[in-house]
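Q: After the structure tokens below, expect a handful of questions from me.
Read the figures in this text as sums done on the coordinates, not as results from a lab. All values reported here derive from a predicted model rather than from experimental measurement. Here the Cβ is made from the backbone with ideal geometry for all residues, glycine too, and neighbour counts use every protein chain on show.
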Amino acid sequence: MSAEAGRNARRLSLLGSTGSIGEQTLSVVADFPDRFQVTALAAGRNVALLAEQIRRFRPTLVSVAEDAGARELRERLGADAPEIRVGAAGLIAVAEHEADLVVAGLVGAVGMAPTLAAIRAGRDVALANKEVMVMAGALVGREVERAGVRLLPVDSEHSAIFQALAGQRAEDVEKLILTASGGPFRTWSAEEIAKATVKQALDHPNWNMGPKITIDSASLMNKGLEVIEARWLFGVTPDRIEVVVHPQSIVHSLVEFVDGSVLAQLGMPDMRGPIALALSHPERLPLQVPRLDLATAGRLDFETPDTKRFPCLDLAFAALAGGEAAPAVLNAANEVSVAAFLAGGMAFPRIAATNAAVLDAWLDEHRGETVADLAEIEAADAWARGRAEQLLDGSGAGPRPTQEEASGC
Ligand code: MG
């Protein structure tokens, strides 16, 4: 328990504490020690960083990926070690631990079960783990309603839309407009993109994020996943969701209303903004972040996304139209193909090609199907992973890291 935390401090539990979202969340918490108290942390294999976080924030429960990590943590912390749990059960324990808000900061499908556990335990959730909504948006929405908890978006685009919708009537919304930076390959030709290295794909112009999401930004798959996330978070049908490329990443997204009025949320690109809003909602914290100076910014540019060079965006709309499990299939195929690309030796366009082939094969058999429960989604996810791995076999991509390793948390 943090010695500085005030009596009315909001108690936080973090899933993915050593990843990009986790670290930035703890940086906000460190700036407002009387506002927040960290009760639980879940990390993967970065035991050294987790040990530092434990010394600083004093959670009463932590979890790591493996037994070896738990042993190392006990050695490092000695008598100062909190309760330590391991693996999938450890993630669930952290999700259900005593807290007012759970920060879902894992990357990929691994965050699905613990996020659902947090909701079922009656915790409000600050959601950065977009795959949860991508894989099972309708199901998660029902669970949120049943539990009577709040789902606060951390993704910058969805935070922007959430802010633009505040005080508005749902029936007055005409459409949601998500902005996309366009990523590092925005101005590259198809031939140049085909030769892109891992390092070039990881060189995002505006945002500081983990490797998986940075690759997704380069392919526009990230924006596609965010379209699916928006569809379920805000209950808006796909025909009323648009994407516009905005290279400066200052307008974080917009909402158009039936009277033609458009509300946008602006700010310098810094994830601490949306993270802090989710942590402190409905209040705002006086953050030490770079301020937007419009005269210095000078201009804001917008362009239509090029879905020929970046086919992943259209795949997201195809998945939304294809049935309830299709987005989970697309997401799983993408996790496998991105991990293969990150491992090296694979051409960048093969990510989109693999994703498309897996989705098409699924839609051939299952178009329009609904899902009854999480087990069906997990089965679709597993099928898609197997199919993607089959397609990528012999690509010379070498062994692939697990999602947790890829995300650095
Ligand atoms: Mg985003």
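Q: Please check the chain for the longest run free of GluC sites (Glu not before Pro) that are loop-located per DSSP (anything but H, G, I, E, B) and have at most 15 other Cβ atoms within 10 Å. Could the numbers behind the result be given before it?
A: Numbers: sites that count: Glu4, Glu66, Glu98, Glu283, Glu369.
Result for the longest clean stretch: 99-282.
Q: List, in order, the whole-Hz ³J(HN,Hα) value for each residue of segment 121-135 obtained from phi through the Karplus relation with A = 6.51, B = -1.76, C = 1.60 and θ = phi - 60°; use x for Gly and Pro.
A: Running phi through 6.51 cos²θ - 1.76 cosθ + 1.60 with θ = phi - 60° gives 7, x, 8, 5, 10, 8, 9, 9, 6, 5, 4, 4, 6, 5, 6 Hz.
Q: Take every Cα-Cα distance within the chain, group them into 10 Å bins from 0 onward, and report for each bin the whole-number percent of pairs it holds.
A: 5, 23, 33, 27, 11, 1, 0
Q: Using amide H atoms built in the peptide plane, which far-off residues or other-chain residues are under 5 Å from Gly182 H to H?
A: Those qualifying (amide H under 5 Å, at least 5 residues apart or on another chain) are His246.
Q: Provide the gained length on full extension for the span Arg142 to Asp80, in nm with one decimal, where the gain is 0.36 nm per separating residue minus the Cα-Cα distance.
A: 18.3 nm
Q: A further question on this structure: Please work out the C-alpha center-to-center distance from segment 346-389 to segment 249-320 and express it in whole Å.
A: 29 Å
Q: Give the longest segment of the chain that steers clear of trypsin sites (Lys or Arg not before Pro) in DSSP loops with at most 16 neighbouring Cβ atoms within 10 Å, not counting the sites themselves.
A: Values: sites that count: Arg7, Arg150, Arg169, Lys195, Arg284, Arg291, Arg299, Lys308, Arg367.
The longest such stretch corresponds to 8-149.
Q: While we're looking at this one, here's another question. Per-residue HN-Hα couplings for segment 255-261, Karplus 6.51 cos²θ - 1.76 cosθ + 1.60 at θ = phi - 60°, whole Hz, x for Gly and Pro?
A: In residue order, the calculated couplings are 10, 9, 9, 5, 8, x, 6 Hz.
Q: Right, next: Under the definition of Cα pairs under 8 Å and six or more residues apart, what whole-number percent is the relative contact order of the chain? Could the numbers behind the result be given before it?
A: Values: 804 pairs, mean separation 65.9, N = 409.
16 percent.
Q: Looking only at segment 286-323, which residues have a backbone nitrogen under 14 Å from a spot 7 Å from the Cα of Val262 in the C-beta direction?
A: 300-305
Q: Please give, to one decimal in nm, the separation of the simple spin-label points placed at Asp393 and Ala353, each 7 Å out from Cα toward the Cβ.
A: Those two pseudo-labels are separated by 1.8 nm.
Q: Another one. Taking amide H positions as placed 1.01 Å from N in the peptide plane, with prolines and chain starts having none, which residues 5 or more places from Glu66, or on another chain, fall under 5 Å of its amide H?
A: Distant-sequence amide H within range of Glu66: Gly87.
Q: Right, something else. Using helices alone, I'd like the mean residue ellipticity at 222 nm for the chain: each DSSP H run of four-plus residues gives -39500 (n - 2.57), total over residue count, nearest 500. Display every interim value, and only then the final one.
A: Values: 18 runs with 195 residues, N = 409.
Roughly -14500 deg cm²/dmol at 222 nm, from the helical runs in the chain.
Q: Within segment 111-127, find all residues whose amide N lies under 14 Å from a label point positioned 7 Å from the Cα of Ala88 along Cα-to-beta-carbon.
A: Backbone N within reach: 111-117.
Q: Take every DSSP beta bridge whose two residues both sit in the chain, then give the antiparallel share in percent to the nearest 5. Display every interim value, and only then the final one.
A: Numbers: 11 of 40 bridges.
Counting only bridges with both partners in the chain, antiparallel ones make up about 30 percent.
Q: Quick query: amide H of Asn206 versus all other amide H atoms, modeled in the peptide plane; which residues come in under 5 Å with a sequence gap of 5 or more or a different chain?
A: none
Q: Can you tell me, using C-alpha contacts under 8 Å and at least 6 residues apart, the relative contact order of segment 2-108 as a whole percent? All intermediate terms of the calculation are to be shown ahead of the outcome.
A: Values: 206 pairs, mean separation 38.2, N = 107.
Reported relative contact order: 36 percent.
Q: At Val244 and Ser189, where each label point lies 7 Å from the Cα along Cα→Cβ, what is the point-to-point distance in nanometres?
A: Spacing of the two 7 Å Cα→Cβ label points: 3.0 nm.
Q: Going by C-beta contacts inside 10 Å, put Phe310, Phe348 in order with the fewest on the left.
A: Phe348, Phe310
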